[in-house]
Amino acid sequence: MARDCIHSNPHVDYKLRLIGKREQDGRTYNLPTSSEVASLIVGDFCESIEKRDIVVQTSSGLLQRISELHPSYLALQYPLLFPYGDDGYRVDILHRGVTSSSNSKRTTCTMREFFAYRIQDRDHSFSLIVNAKRLFQQFLVDGYTMIESERLYFIRNQQKILRCTSYENLRSQQADGNTDISNVVQRVILPSSFTGGARYMMQNYLDAMSLCKWFGYPDFFITFTCNPKWPEVKRFLKYTSLSPEDRPDILCRLFKIKLDAFIKDLRENEIFGKVQAVVYTIEFQKRGLPHSHICLFIHADCKLPTVEYIDPIISAKIANIDEDPELYSLVKEFMIHGPCGAENMNCPCMVDKKCSKNFPKQFCNHTSVDDNGFPLYRRRNDGYLVEKSGV
């Protein structure tokens, strides 16, 4: 209808407004009460209209920002994933079973809960979203930015409640003799509860440093990496055409389960000795694969005072293929660096025609500790070898 109006009266400036507020639940099938599905506004149009509406106007050559909180945003952005124009997230979705008389502290669904609900696998039903491969990855990124945007919007509008007006910049302005500090650019202070913010990172860093101050230096530095070839991943994707990177939600969930089990092994089963404290961080590699760096603080009775205690725990050697073929295949596939150097100058580790990881390492018959306190592991020339890329 908007198109027909524009064609019949091309000289009139039309603006199409998709109303953001829902009077009835869009998930329930309702017969249309009129022949129009949107308002067509001619001429006067002011900024007082609700910010969460989407406005489509005749070509002005200017970019316009639309609210990601609009119920039609996802259907407009992903017509392949929502072919029927389903409603996306809106701010007043009630939790199931909640009525106006419920005493629940929070009766409405958050955006994070909405997206978590939409990306779940369900028995006996096909989910177009989770089987969309690269489009699913884009959908997750878009969904995350929407959640982050909503959190930032909340923080921006709750600065007085978050007690952020008494910070040093205003005090310093007043101390410098500026009696009128209302024209100072308003800063939005991110609290430490905002994941990824400066205060969040600083608080976690100081917590980790407090552990070092109390327990001393960490004794073990362990890297725990997500492997897309885990049997659980292969079993889950066995009857689909998806690749592991097409389901980052499953990879992250499985990685967290295995990481928690590993931390439990370290603490309760004491596979490296009695543990006083554990601190770790999770990072993401390319293709969405997470890995964790773990610092382990061992009890004073179980520390490794000399290099003789290192060899039974850490081994830098190629296993005997006849005695332990499984370990040999694991080392061959996952633990061998390179080839780099003259054989492969395009290797990512190459910096100024040298390997930034200092490979190949020299053979040595005994473990030692360098001047900085880092161990140099025993690497014996025992004749075992691995061939990678013809090297």
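The values are calculated or read from the model by the stated rules, or taken from the named source; none is laboratory data. Only a predicted model underlies this, so the values are computations on that prediction, with no experimental measurement involved. When we count neighbours, we look across all protein chains shown, and the Cβ atoms used for this are built from the backbone with ideal geometry, even at glycine. SASA here: full protein model, heavy atoms, side chains in, ligands and nucleic acids out. Shrake-Rupley method; radii C 1.70, N 1.55, O 1.52, S 1.80 Å.
Here are the numbers for the structure shown:
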item: Cα-based Rg of segment 188-243 normalised by 2.2 N^0.38 Å, two decimals; result: 1.90
item: Full-extension gain in nm, residue 161 to residue 249, via 0.36 nm per residue minus C-alpha separation; result: 28.2 nm
item: Those lysines that a straight Cα-Cα span of less than 19 Å connects to residue 286, excepting residues fewer than 8 apart in one chain; result: 133, 229, 256
item: Label-point separation in nm, residue 91 to residue 366, each point 7 Å along Cα→Cβ; result: 7.1 nm
item: Residue 225/residue 99 FRET efficiency (R0 51 Å; Cβ-Cβ; nearest 0.05); result: 0.60
item: Rough spin-label spacing in nm, given labels placed 7 Å along Cα→Cβ, for residue 212 and residue 237; result: 3.8 nm
item: Relative contact order (%) - criterion: Cα under 8 Å, at least six apart; region: segment 199-308; result: 36 percent
item: Whole-Å semi-axes of the ellipsoid equivalent to segment 178-275 (Cα gyration tensor, √5λ, descending); result: 39, 27, 9
item: Magnitude of the charge dipole, segment 327-375, Cβ model with Lys/Arg +1 and Asp/Glu -1, debye to 20; result: 100 debye
item: Per residue solvent-accessible surface (Å²) - segment 315-391, probe of 1.4 Å; result: 81 Å²
item: Paramagnetic label zone (point 7 Å from Cα along Cα-to-C-beta, residue 374; backbone N under 20 Å) in segment 206-222; result: 217-222
item: Among 320-328, 333-341, the order from most to least packed when residues are scored by Cβ within 10 Å on average; result: 333-341, 320-328
item: Hull shadow area, averaged, segment 290-364 [alpha-carbon convex hull, nm²]; result: 8.2 nm²
item: Carbon/sulfur fraction of accessible area - segment 236-370, other protein chains in place, 1.4 Å, %; result: 53 percent
item: Difference of contour (0.36 nm per residue) and Cα-Cα distance, residue 260 to residue 302; result: 12.9 nm
item: Label-point separation, residue 205 to residue 391 (7 Å along Cα→Cβ), nm; result: 3.6 nm
item: At R0 = 30 Å, FRET efficiency that the Cβ-Cβ distance of residue 332 and residue 274 yields, to 0.05; result: 0.30
item: Potential lengthening between residue 76 and residue 13 on full extension [0.36 nm per residue; Cα-Cα distance subtracted]; result: 20.4 nm
